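J.: Below is a structure I'd like to ask you about.
The values are calculated or read from the model by the stated rules, or taken from the named source; none is laboratory data. Being a predicted model, the structure only gives us computed values, none of them experimental. For neighbour counting, all protein chains shown are included, and Cβ atoms are generated from backbone atoms with ideal geometry for every residue, glycine included. Accessible surface areas use protein heavy atoms only, side chains included; no ligands, DNA or RNA. Shrake-Rupley method; radii C 1.70, N 1.55, O 1.52, S 1.80 Å.
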Amino acid sequence: GIRLLLHGLCSNTTVKSLDLKGNNLRSMGAEALGKLLRQNKSIRSLTLEWNSLGMWEEGFSFFCQGLRANNFLQRLDLRNNQINHQGAGELAMALAQNTSLQELDLRWNNIGLLGGRALLNCLHSNKTLKRLELAGNNVPGDILKAVEQALDHNQDREVILSEAQNQVNILSKEVLSLKDEKNKQFMDFMDTVDKQKEERARSEKMSAARVSQLQEALDEQYSIMNSLKTKLQMTEAALALSEQKVHNLGELLNAMKQEQNCVAECHFRELQQQKQEGADREGRLLHDLSAASEKNLLLRNQVDELERKCKVQQDQLYQLKQDLTNTTAELKLRAVEAEERLEMEKRRFKQSLEDMESLRIKEVGRMTQHMEASERSMHNRIQSLEAIRISLEEELSQVKAAALTERGQAEEELIKVRSQARLEEQQRLEHLEEKLRLMTESRDEAQNCCLKQKEMVAEAQAKAKQLSLYADGLKRRLGELQQDLDSKEEEKVTELNKVKVELQEQIGHLEAERAAQDGLREKIAALERQLKALSSNHREALLDKEGEISLLLEKLRMKEAEISRLREEEAQRASFLQNAIMAYVQGSPLGTHSSRK
């Protein structure tokens, strides 16, 4: 029945908890459970209390193999399952590779000393198990204490990992928000640039229309100038004045070009200074990183030396603990005090973490303010360049208006003088056209320079953003390294202080108790001899009990074989009786009577 039930649950995806308490599961049930644990991915809690899984080693090994392959089960109850030290060893091998089980209940089994040691050794590699119940298993007290310490260490480790993950999530959210703000600012800047480009295109179209109008007017003037030949002296004076004005305008344009070149050089120098500052910062950060790595190496060496010293001291303490079995009460008091100190150190560590978090938030605010100030300065420079461009365009429009007025005056004077200056006027008009072409070319060059300067400003902004992002990444790395170093240093200092305090207290107590221990050592030796004799007797009794258990198991198997044989014989007898009854019912009464006689 259990095989059919578990075969159906292998492909189930909705059952989260399974309770099979008190169902007399044996070897076949253990194999079916191992197959279920290999294939099922939804069960989180499994209760197997009051069964006999540990009596059959092969079936329990299949169950442990399934538990080793399972990465979804979180709670397992194996109370009162007759698990011995060999079964505990198989279970420890499974737990060494399992990464999901958090609670395991093994109360009221027969694990013993060897099984307890195997489970303790598996806890060095298993970091997920939080609760392990071993009451009623004849496990020594020191092993139980070591198991509790390992489980506490796993719980503390999970708490620290969860806090670190929360901090990482908070930092990632802040980084994403900063990126979104920067992207919004960049998109706004691009919108303003597009608007400026559209306005510039409109102004170019307007200027092209004006140039076409001027060209038409010039064509009309050319047709009118063919009939003008008089008053050359007046026209020459007017043309000389116009040439002087054009020369002055050219000088103004050259001065504006020089100013634009100076502004571009200043921008280029500022960009170079920013690059040099970024390179200096990178060099400083790399130097700080190298120094931090060297400090890490030195601290690791110191940690290794301290661990060696701690191991030596632990060996000495272990020997002293074996000698001082009667002083358990004082050690318990010391353990309570040590737990209180640990809680105090944990509070201090949390407070230091909060201080570091506040400092990091202040640094991020300062960097954002710096970036906003730099962006404002760049926007102000762009606005100043736009103002300069607008002023240049206004001056060009004024010059064009003055030229138009002067041309109107010249046309009125040329209307009066139509007879003598066709050839000379044609030459002078060509000269004027060349000057106008030069003016338009200079205007186009100024516009191109403005575009190049804007492109350089955009490139400088992009480089500044890249440098700021790189500096932020380096600062984060430095902050993480500094936090790791601080946490390691604090842990080392706390451990050293604890070890020093414990050693000083133990030395004082040992010196005070050394005189009393000399008399106790003889008693301890006598007690050890008695314990050795009792342990040898206990081992012999255990061996005898194991032999008796094996004999009982063999008797149980024989009885089960006899029961199965009797069932088969009863089935055969029932079939014979059924055949006889059928023959009696089908045959005649005389024939049946003679056959019975």
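J.: Across the stretch 97-115, which residue is farthest from residue 49 (Cα to Cα) among those that are of a type in the set (A, V, I, L, M) and crowded, with 16+ Cβ neighbours inside 10 Å?
T.: Kept after step one, since they are of a type in the set (A, V, I, L, M), are these residues of the stretch 97-115: 101, 104, 106, 111, 113-114.
Still in the list and also crowded, with 16+ Cβ neighbours inside 10 Å: 101, 104, 106, 111.
Details: 101: 17, 104: 12, 106: 9, 111: 16 Å.
Here the answer is 101.
Matching residues to (1) farther than 25 Å from residue 381 by Cα; (2) touching a Cys at 6+ places or on another chain (Cβ under 8 Å); (3) modelled with pLDDT of 70 or more; (4) not acidic (Asp, Glu):
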site	(1), (2), (3), (4)
220	yes, no, yes, no
226	yes, no, yes, yes
233	yes, no, yes, yes
242	yes, no, no, yes
245	yes, no, yes, yes
277	no, no, yes, no
286	yes, no, yes, yes
295	yes, no, yes, yes
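J.: What about residue 145, is it open to solvent by less than 80 Å² (accessible area, probe 1.4 Å) and either in contact with a Pro (Cβ under 6 Å, 6 or more places away or on another chain) or not β-branched (Val, Ile, Thr) (or both)?
T.: Judged against the criteria, residue 145 is not a match.
Conditions (1) in contact (Cβ under 8 Å) with a residue 12 or more places away in the chain; (2) outside any helix (DSSP H, G or I); (3) closer than 30 Å to residue 375 by Cβ; (4) within 55 Å of the chain's Cα centre (by Cα), marked per residue:
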site: 196; (1), (2), (3), (4): yes, no, yes, yes
site: 221; (1), (2), (3), (4): yes, no, no, no
site: 244; (1), (2), (3), (4): no, no, no, no
site: 247; (1), (2), (3), (4): no, no, no, no
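J.: Still on this structure, I have one more. Mind listing whichever residues of the stretch 116-133 are open to solvent by less than 40 Å² (accessible area, probe 1.4 Å) and part of a helix (DSSP H, G or I)?
T.: Hits for the stretch 116-133 are 116, 118, 119, 120, 122.
J.: Just to be sure I understand, how many residues within the stretch 343-363 are at pLDDT below 75 and open to solvent by 70 Å² or more (accessible area, probe 1.4 Å)?
T.: Count: 1.
J.: If you scan the stretch 520-557, which residues turn out to be polar (S, T, N, Q) and closer than 22 Å to residue 140 by Cβ?
T.: Taking the stretch 520-557 as the starting set, the residues that turn out to be polar (S, T, N, Q) are 530, 535-537, 550.
Hits for the stretch 520-557 are 530, 535, 536, 537.
J.: If you check 447, 517, 466, 482, which single one turns out to be within 29 Å of residue 346 (Cα to Cα), among the polar types (S, T, N, Q) and in a helix (DSSP H, G or I)?
T.: Working: 447 fails: within 29 Å of residue 346 (Cα to Cα); 517 fails: within 29 Å of residue 346 (Cα to Cα); 466 fails: within 29 Å of residue 346 (Cα to Cα).
Of the residues listed, the single one that is within 29 Å of residue 346 (Cα to Cα), among the polar types (S, T, N, Q) and in a helix (DSSP H, G or I) is 482.
J.: For the stretch 201-225, give me each residue that is open to solvent by less than 40 Å² (accessible area, probe 1.4 Å) and within 16 Å of residue 441 (Cα to Cα).
T.: If the condition is that a residue be open to solvent by less than 40 Å² (accessible area, probe 1.4 Å) and within 16 Å of residue 441 (Cα to Cα), then 207 is the only one that fits.
J.: Pairs, please: C-beta under 7 Å, at least 6 apart or cross-chain, first residue over 15 Å from residue 74 (Cα atoms) and in the stretch 36-58, second surrounded by fewer than 16 Cβ atoms within 10 Å (Cβ to Cβ) and among the acidic types (Asp, Glu)?
T.: Once the first residue is over 15 Å from residue 74 (Cα atoms) and sits in the stretch 36-58, no partner that is surrounded by fewer than 16 Cβ atoms within 10 Å (Cβ to Cβ) and among the acidic types (Asp, Glu) comes close enough.
J.: Still on this model: Give the residue, chosen from 595, 564, that is over 57 Å from the mean Cα position of the chain (by Cα), hydroxyl-bearing (Ser, Thr, Tyr) and at pLDDT below 80.
T.: Unique residue meeting the criteria: 595.
J.: Spot the failing condition for residue 136; the list is (1) in a helix (DSSP H, G or I); (2) at positive phi, and only one is missed.
T.: Failed condition: (1).
J.: Return a yes/no flag: does the stretch 175-183 have any residue that is without any contact (Cβ under 8 Å) to a residue 60 or more places away in the chain, surrounded by 13 or more Cβ atoms within 10 Å (Cβ to Cβ) and within 20 Å of the chain's Cα centre (by Cα).
T.: yes
J.: Could you tell me whether the stretch 23-37 includes any residue that is farther than 19 Å from residue 4 by Cβ and open to solvent by 20 Å² or more (accessible area, probe 1.4 Å)? Give the derivation first.
T.: Quick first cut of the stretch 23-37, residues farther than 19 Å from residue 4 by Cβ only: none.
So far as the stretch 23-37 goes, no, none of its residues is farther than 19 Å from residue 4 by Cβ and open to solvent by 20 Å² or more (accessible area, probe 1.4 Å).
J.: Every residue in the stretch 128-181 that is among the aliphatic types (A, V, I, L, M) and in contact with a strand residue (DSSP E or B) (Cβ under 8 Å, 6 or more places away or on another chain), please. Quick ask: steps written out before the conclusion?
T.: Initially, the stretch 128-181 is screened for residues among the aliphatic types (A, V, I, L, M), giving 129, 132, 134-135, 139, 143-144, 146-147, 150-151, 159-161, 164, 168, 170-171, 175-176, 178.
Matches in the stretch 128-181: 129, 132, 147, 151.
J.: For the stretch 521-536, enumerate the residues that are open to solvent by 100 Å² or more (accessible area, probe 1.4 Å) and in contact with a helix residue (DSSP H, G or I) (Cβ under 8 Å, 6 or more places away or on another chain). Even if it seems obvious, please write down each step before you answer.
T.: In the first step, residues of the stretch 521-536 are kept if they are open to solvent by 100 Å² or more (accessible area, probe 1.4 Å); the result is 521-523, 529-532, 534.
The one that is open to solvent by 100 Å² or more (accessible area, probe 1.4 Å) and in contact with a helix residue (DSSP H, G or I) (Cβ under 8 Å, 6 or more places away or on another chain): 521.
J.: For the stretch 465-509, name all the residues that are open to solvent by less than 60 Å² (accessible area, probe 1.4 Å), over 18 Å from residue 363 (Cα atoms) and of a type in the set (A, V, I, L, M).
T.: Within the stretch 465-509, 485, 496, 499, 501, 503 qualify.
J.: Is there a residue being part of a loop (DSSP other than H, G, I, E, B) and either at pLDDT below 90 or surrounded by 13 or more Cβ atoms within 10 Å (Cβ to Cβ) (or both) anywhere in the stretch 150-157?
T.: The first filter runs over the stretch 150-157 and keeps only residues part of a loop (DSSP other than H, G, I, E, B), leaving none.
No, that holds for no residue.
J.: Where residues in the stretch 313-342 are of a type in the set (A, V, I, L, M, F, W, C) and within 38 Å of the chain's Cα centre (by Cα), which of them is modelled with the highest pLDDT? Don't jump to the end; show me each part of the working.
T.: Just the residues of the stretch 313-342 that are of a type in the set (A, V, I, L, M, F, W, C), to begin with: 317, 320, 324, 329, 331, 333, 335-336, 338, 342.
With the extra rule that they be within 38 Å of the chain's Cα centre (by Cα), the set shrinks to 335-336, 338, 342.
On the way: 335: 64, 336: 76, 338: 66, 342: 71.
Among them, the one singled out is 336.
J.: Between 472, 518, 486, which is of a type in the set (D, E, K, R) and either in contact with a Phe, Trp or Tyr (Cβ under 9 Å, 6 or more places away or on another chain) or free of Cβ contacts under 8 Å to residues at least 40 places away in the same chain (or both)? Give the steps one after another, and end with the answer.
T.: Details: 472 fails: either in contact with a Phe, Trp or Tyr (Cβ under 9 Å, 6 or more places away or on another chain) or free of Cβ contacts under 8 Å to residues at least 40 places away in the same chain (or both); 486 fails: either in contact with a Phe, Trp or Tyr (Cβ under 9 Å, 6 or more places away or on another chain) or free of Cβ contacts under 8 Å to residues at least 40 places away in the same chain (or both).
Residue meeting the stated conditions: 518.
J.: OK, next. Before we move on, is residue 231 at positive phi and either touching a Gly at 6+ places or on another chain (Cβ under 8 Å) or not aliphatic (A, V, I, L, M) (or both)? Reasoning before the result, please.
T.: Details: at positive phi: yes; either touching a Gly at 6+ places or on another chain (Cβ under 8 Å) or not aliphatic (A, V, I, L, M) (or both): yes.
When the stated conditions are applied, residue 231 passes them.
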